[in-house]
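What follows is a set of notes on a single structure, which appears directly below.
Bear in mind these aren't lab numbers, they're just calculated from the coordinates by the rules spelled out. Predicted, not measured: the structure shown is a model, and the values here were computed from it. When we count neighbours, we look across all protein chains shown, and the Cβ atoms used for this are built from the backbone with ideal geometry, even at glycine.
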Amino acid sequence: MAEIIDGKKISAQIKEEVKEEAAKLKKDGITVTLAVIQVGQDPASSVYVGNKKKACEYVGFRSLAYELPQETSQEELLNLIGDLNGRADVNGILVQLPLPGHISEEKVIQAISPDKDVDGFHVQNAGRLTVGMEGFVSCTPAGIIELLKRTGIGICGKECVVIGRSNIVGKPMAALLLRENGTVTVCHSRTKNLAEITARADILVAALGKPKFVTAKYVKEGAVVIDVGIHRGENNKLCGDVDFDSVAEKASYITPVPGGVGPMTIAMLMVNCLQSAKMGKKG
């Protein structure tokens with residue numbers, strides 16, 4: 001039976017570390033500040049935004065909330081981002097996705113200064129990651145690396161398989177595993193013989209967005225399985241991309257849903273905000 005990787009516990013450790021660092025910065029007169037923009041009232045987005053505000057409060061950051069109506073124009077949103085880019089007291093800017101259909105997510109993401117892009121989505125930060133330069137890394141993949149390291153799971157030389165190739169999880173995940181000297185394969189919806197490939201993995205990251213898709217046949221005996229998915233299943237119960245019950249019998253380590261990868265995403269957002277404030281201090 002697999003050992004559970006406790007994302008709640010590890011994210012709490014990281015937040016304590018951030019809290020300590022933020023307190024030191026405060027003594028130097030620097031209050032770490034995150035600006036959070038939400039357009040419209042999508043219920044799931046409101047929950048995520050609320051969680052980010054709570055995390056800021058806990059670690060001692062200031063959060064600025066911009067709750068804009070659904071009909072806000074793209075130009076108005078870009079103007080706000082421009083203003084926040086120019087403010088020396090704002091370290092991070094986060095625009096909650098998804099945005100209403102009349103606003104281009106790509107234009108909005110690229111409008112955020114790369115030095116304040118604490119989500120790690122800007123093309124410049126994606127490029128920095130690819131070539132091995134310092135920059136902000138997308139929070140979910142960065143959190144997964146921390147989960148592995150803090151659980152004592154080595155990546156160097158391991159066969160790593162990522163299912164999913166999104167710009168937010170799959171691609172940066174592959175780049176981070178490569179950075180840690182893993183041997184990386186990226187699979188996706190067009191991959192042939194998927195189960196054959198995933199069954200070779202020492203570390204398997206499932207980020208494909210299909211509930212309980214990864215069953216025991218996809219998993220090598222003793223593999224480490226990281227489940228990025230989150231879905232509402234039967235009886236409104238949360239589940240991931242991995243069929244937890246069957247895979248837990250075969251894996252050596254596994255992340256649960258909820259309580260695995262999810263808490264790490266917000267913890268790493270706090271780490272990125274702190275990093276931005278430190279860079280500003282150096283500047």
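Quick look at the numbers
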| read-out | value |
| --- | --- |
| Around LEU97: net Lys/Arg minus Asp/Glu count, Cβ-Cβ under 10 Å | -3 |
| Given LYS212/LYS237; LYS149/LYS171; LYS210/LYS237; LYS52/LYS210; LYS158/LYS237; LYS107/LYS210, the pairs whose alpha carbons are separated by over 23 Å | LYS52/LYS210; LYS158/LYS237; LYS107/LYS210 |
| Value of [θ]222 nm, deg cm²/dmol, for the chain, DSSP H segments ≥ 4, -39500 (n - 2.57) each, nearest 500 | -13000 deg cm²/dmol |
| Cβ-defined net charge surrounding ASP243, 14 Å radius [Lys, Arg +1; Asp, Glu -1] | 0 |
| Extension gain from ASP245 to ASP89, taking 0.36 nm per residue of separation minus the Cα-Cα distance | 51.4 nm |
| Long-range tail of P(r) for the chain (Cα pairs > 24 Å, %) | 51 |
| Aspartates and glutamates whose Cα lies under 13 Å from that of LYS15, excluding same-chain neighbours fewer than 8 positions away | GLU57, GLU146 |
| Cα-based Rg / Dmax (Å) for region 30-113 | 12.5, 37 |
| The chain, relative contact order [Cα under 8 Å, separation at least 6], % | 22 |
| Those aspartates and glutamates that a straight Cα-Cα span of less than 19 Å connects to LYS220, excepting residues fewer than 8 apart in one chain | GLU3, GLU159, GLU196, ASP202, ASP241, ASP243, ASP245, GLU249 |
